[in-house]
1. Here are some residues: Gly73, Gly93. Which one is in contact (Cβ under 8 Å) with a residue 12 or more places away in the chain and assigned to a helix (DSSP H, G or I)?
2. Got at least one residue in segment 186-204 being within 22 Å of Leu75 (Cα to Cα) and either in the same structural domain as Leu244 (by TED's automatic domain parsing) or charged (D, E, K, R) (or both)?
3. In segment 205-249, what count of residues is obtained for those that are among the acidic types (Asp, Glu) and farther than 24 Å from Ala171 by Cβ?
4. Filter segment 104-129 for residues that are within 19 Å of Ala144 (Cβ to Cβ), hydrophobic (A, V, I, L, M, F, W, C) and not in a helix (DSSP H, G or I) and give the result.
5. Here is a check on your reading of the model: is Val160 surrounded by fewer than 21 Cβ atoms within 10 Å (Cβ to Cβ), in the same structural domain as Leu77 (by TED's automatic domain parsing) and touching a helix residue (DSSP H, G or I) at 6+ places or on another chain (Cβ under 7 Å)?
6. Scan Pro152, Pro238 and give me the residue that is assigned to a helix (DSSP H, G or I), closer than 19 Å to Thr81 by Cβ and of a type outside the set (A, V, I, L, M).
7. Within segment 158-223, considering only helices (runs of 4 or more DSSP H) that don't extend past its boundaries, which have at least 1 residues that are basic (Lys, Arg) and modelled with pLDDT of 95 or more?
Amino acid sequence: MKDFLQFVFNGLSLGSIYALLALGFVVIFKATEVVNFAHGSILALGAYAISRFSFNSHINFYLSVLLGMAIAGLLALMLLTDARRGARSGPDGSLVPLAEQDRRRWDRAAIAEGVAIIESTLPVAKPGPYQLQAAIAAVHDEAADAEGTDWPQILALYDVLAALAPGPMVALNRTVAIAMVRGPAAALAELNDAAADPALSGHHRVDAVRAHLLDELGDRDAAREYYLRAAQRTRSLPERRYLLGRATR
């Protein structure tokens, strides 16, 4: 009887893994009417991770599923962020911020694959940090242009992420979303709170965000001061050139 129950459990476990693979293929096919085997290979990696965690490492099966979902979320995040790589810099190597990027240069196949992965994993289990970050990237990538970005949805996702996995960079990025939804004045107040974190002390991105918010509020002199401060603090040459350009325009 014990062997029979073990056999049933193993069958259900493997069936769950195959169901995850099938779900991924169905989502892709419904959206594109194309069977995307590259997407299947990524889900296969997640499924393989589940089997390794569960059967080889003797980790609880449900915990193994969560670990597998985390891996799938990380892969989706990598696809969705790397899809914009070709548009992040100009011909001269200059930095091109997200709002100004030529979206025709984005890798639409990678975006479709990343979106499909995150859409297939989010309903399976409670989302983790990687899934939430991938969902945020997906909202950016699916917008036809910067003006069409669904910032309220991005802010809602950052709210969940901040509650689940709070951190200095999450708080800083959430400040940008607040600026787009509630305005620069509300974001500036949030930035003051975020900047109190010792991990952000002297960080150039705090100065850059503050400069942008002050610029939006019409305080050019103060904005210029913080753009210059951010330019001095960053170690990235393209980023320094961009910030100096913002300060002197």
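The values are calculated or read from the model by the stated rules, or taken from the named source; none is laboratory data. Because the structure is predicted, anything quoted here is derived from the model rather than measured. Don't worry about glycine lacking a Cβ; one is built from the backbone with ideal geometry, like all the others, and counts go over all protein chains shown.
1. Working: Gly93 fails: assigned to a helix (DSSP H, G or I).
One residue alone meets the criteria, Gly73.
2. No, because not a single residue in segment 186-204 is within 22 Å of Leu75 (Cα to Cα) and either in the same structural domain as Leu244 (by TED's automatic domain parsing) or charged (D, E, K, R) (or both).
3. We begin by selecting, within segment 205-249, every residue among the acidic types (Asp, Glu); these are 207, 215-216, 219, 221, 225, 239.
Okay, now just the ones that are also farther than 24 Å from Ala171 by Cβ, so 221.
Number satisfying all stated conditions: 1.
4. Matches in segment 104-129: Trp106 only.
5. no
6. Pro238
7. Details: elements: 168-182, 184-195, 204-216.
Ranges flagged: 168-182, 204-216.
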